[in-house]
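Enquirer: Next up is a structure, given as structure tokens.
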Amino acid sequence: MDWARSLRGRLAARRLPARSEQELKEEEMELFTQYYGQWKGGGAGGNPSYSNIPRFYYRLPAEDEVLLQKLREESRAVFLQRKSRELLDNEELQNLWFLLDKHQTSPMIGEEAMINYENFLKVGEKAGPKCKQFFTAKIFAKLLHNDPYGRISIMQFFNYVMRKVWLHQTRIGLSLYDVAGQGYLRESDLENYILELIPTLPQLDGLEKSFYSFYVCTAVRKFFFFLDPLRTGKIKIQDILACSFLDDLLELRDEELSKESQETNWFSAPSALRVYGQYLNLDKDHNGMLSKEELSRYGTGTLTNIFLDRVFQECLTYDGEMDYKTYLDFVLALENRKEPAALQYIFKLLDIENKGYLNVFSLNYFFRAIQEQMKIHGQEPVSFQDVKDEIFDMVKPKDPYKISLQDLINSSQGDTVTSILIDLNGFWTYENREVLVASDNDSTADVDDT
């Protein structure tokens, strides 16, 4: 018997009919659903409690689970695209403005067009499903002020809608850089966002590409200095949207931004070049780092040696020298001494015993350096007892013998107190405040006379 021929015949008899491509896809999807459900812990074999208690923890894919990571990234991208399509585009915003203007309610207040609640609801019905979320009684009441006819300003409402759309657009834009998909940005994520934003900001057109890395570092540092006080290395996207920094950054889209606005905007080209230029001027040996001696010439050159010692003890240095990133934290702290984040930075340096408060010993330790500088400049040193009493009177701490960081922040005198302790020029300004005020008044009077 020919066994080979017999086997071929047997197999031919059992061969299944060819299936269509659609049937193959359906089988593939069925198998995928089955295996995916088993991997997620579902199915009949799962714990019975799954049917009663909703799942609240989803494990993130590990680094070696490449397929799951790709699936997660693709899912997030599709989700963000869907969210983006739900937002009003320019044409829909123009249509909304046309409808609001058409349904305005007389009389106008000056040149301000108003709308009552009845017409407000009519516009909501005609504006389309995307606008439905904005036409609620809650939003109308929020924008209702002292109008005798119970109306709201059309312009205020439209600006409210524009702001909401902008916030959602920006959140989606930032979320695209959220690699972890956890609602926060790491330093590298924010660096990528700002780097890709630069070409869209006309006010930065003059920047050379070789300066881009320094500009990005300068911009990112402000976000992390103020929004990441615990130095976790990540910032919530919600915090970025809630602060004014993003507004300042996107203000650079304005081609006609005034010179004064650019000078006060940390993110502008003149500001970034100023900070980087100061760093280069301080770096006398041109090694790209700052020593304590080089940093001592910062500003008016009147920071005390004791304070500078503490800067190099507490801050990140490389072989006893400071890099540009650490320098930026230093500058942000000293230029924004009224801000809680800046006071936290300086307070950590003043708290030499690491006790969480400043006592008489701490104050005296730093003020002695001010007294020594006064002697060097031929001035009569001021008594520490007098300065100590003035500091405690200004701060009014809960504990009469200790000043905490919160005491400094609550007193609104933190900038003055820190200036007295770390900077001779700051102390001199405080000591001569009455003379300086009188001089300012005299100068103002002279200008008025002319």
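The values are calculated or read from the model by the stated rules, or taken from the named source; none is laboratory data. Computed from a predicted structure; not experimentally measured. Note: ideal-geometry Cβ built from the backbone for every residue, glycine included; neighbour counts use all protein chains shown. Ligands, DNA and RNA are excluded from the accessible area calculation, which covers all protein heavy atoms including side chains. Shrake-Rupley method; radii C 1.70, N 1.55, O 1.52, S 1.80 Å.
Enquirer: Over the C-alpha atoms of the range 85-173, what are the Rg and the largest Cα-to-Cα span, Dmax, in Å?
Expert: Computed over the Cα atoms of the range 85-173, radius of gyration and Dmax are 12.9, 41 Å.
Enquirer: I would also like to ask the following. Could you run the Karplus curve 6.51 cos²θ - 1.76 cosθ + 1.60 with θ = phi - 60° over the range 204-217 and give me ³J(HN,Hα) per residue in whole Hz, x for Gly and Pro?
Expert: Couplings: 9, 4, x, 6, 6, 4, 5, 8, 3, 4, 6, 5, 4, 4 Hz.
Enquirer: Additional query: Report the label-to-label distance for Gln133 and Ser261 in nanometres (one decimal), using points 7 Å from each Cα along the Cα→Cβ vector.
Expert: 2.8 nm
Enquirer: Something else: Using modelled backbone amide H atoms (1.01 Å from N, in-plane), which distant-in-sequence or interchain residues come within less than 5 Å of Tyr184's amide H?
Expert: Result for Tyr184 returns Ile237.
Enquirer: Could you work out, for the chain, what percent of all Cα-Cα pairs fall into each 20 Å distance bin, beginning at 0 Å and stopping at the bin that holds the largest distance?
Expert: So the P(r) values, bin by bin, are 16, 36, 32, 11, 4, 1, 0.
Enquirer: Would you mind getting me the FRET efficiency between Leu207 and Asp254? Use the beta-carbon distance for r and R0 = 22 Å, nearest 0.05.
Expert: Plugging the Cβ-Cβ distance into 1/(1 + (r/R0)^6) gives 0.85.
Enquirer: Also: If one takes the longest principal axis of the Cα atoms in the chain, at what angle in degrees, from 0 to 90 and to the nearest 10, does the Cα axis of helix 433-449 lie?
Expert: Once rounded, the angle reads 90 degrees.
Enquirer: For the range 37-162, give the percent of accessible area contributed by carbon and sulfur heavy atoms, probe 1.4 Å, rounded to a whole number.
Expert: Carbon and sulfur together cover 56 percent of it.
Enquirer: With runs of 4+ DSSP H residues as the only contributors, calculate the mean residue ellipticity of the chain at 222 nm using -39,500 (n - 2.57) per run, divided by the residue total and rounded to the nearest 500.
Expert: -18500 deg cm²/dmol
Enquirer: Largest first, how would Glu63, Glu26, Glu314 line up by accessible area (1.4 Å probe)?
Expert: The ordering from most to least exposed comes out as Glu63, Glu26, Glu314.
Enquirer: Taking 0.36 nm per residue of sequence separation and subtracting the Cα-Cα distance, how much length would be gained by fully extending the chain between Asn281 and Lys102, in nm to one decimal?
Expert: Taking Asn281 through Lys102 to full extension adds about 58.4 nm, to one decimal.
Enquirer: Right, here's the next one. Report, in degrees rounded to the nearest 10, the 0 to 90 angle that the Cα long axis of helix 66-85 makes with the longest principal axis of the chain.
Expert: Roughly 80 degrees between the two axes.
Enquirer: A follow-up question, please. Hey, what angle do you get for helix 187-197 against the long axis of the chain, alpha-carbon based, 0 to 90 degrees rounded to 10?
Expert: Computed tilt is about 90 degrees.
Enquirer: Net charge around Met29, counting only other residues with Cβ within less than 15 Å of its Cβ (Lys, Arg = +1; Asp, Glu = -1)?
Expert: -4
Enquirer: Per-residue HN-Hα couplings for the range 245-255, Karplus 6.51 cos²θ - 1.76 cosθ + 1.60 at θ = phi - 60°, whole Hz, x for Gly and Pro?
Expert: 5, 5, 4, 4, 5, 6, 4, 6, 6, 6, 5
Enquirer: Just the number, please: carbon plus sulfur as a percent of the accessible area of the range 182-282, 1.4 Å probe, no ligands or DNA/RNA counted.
Expert: 49 percent
Enquirer: Compute the accessible area per residue over the range 236-302, keeping the other protein chains in place, probe 1.4 Å, unit Å².
Expert: Per-residue value: 55 Å².
Enquirer: So which aspartates and glutamates pass the test for Lys338, namely a Cα distance under 12 Å, with those fewer than 8 places away in the same chain ruled out?
Expert: Correct list for Lys338: Asp415.
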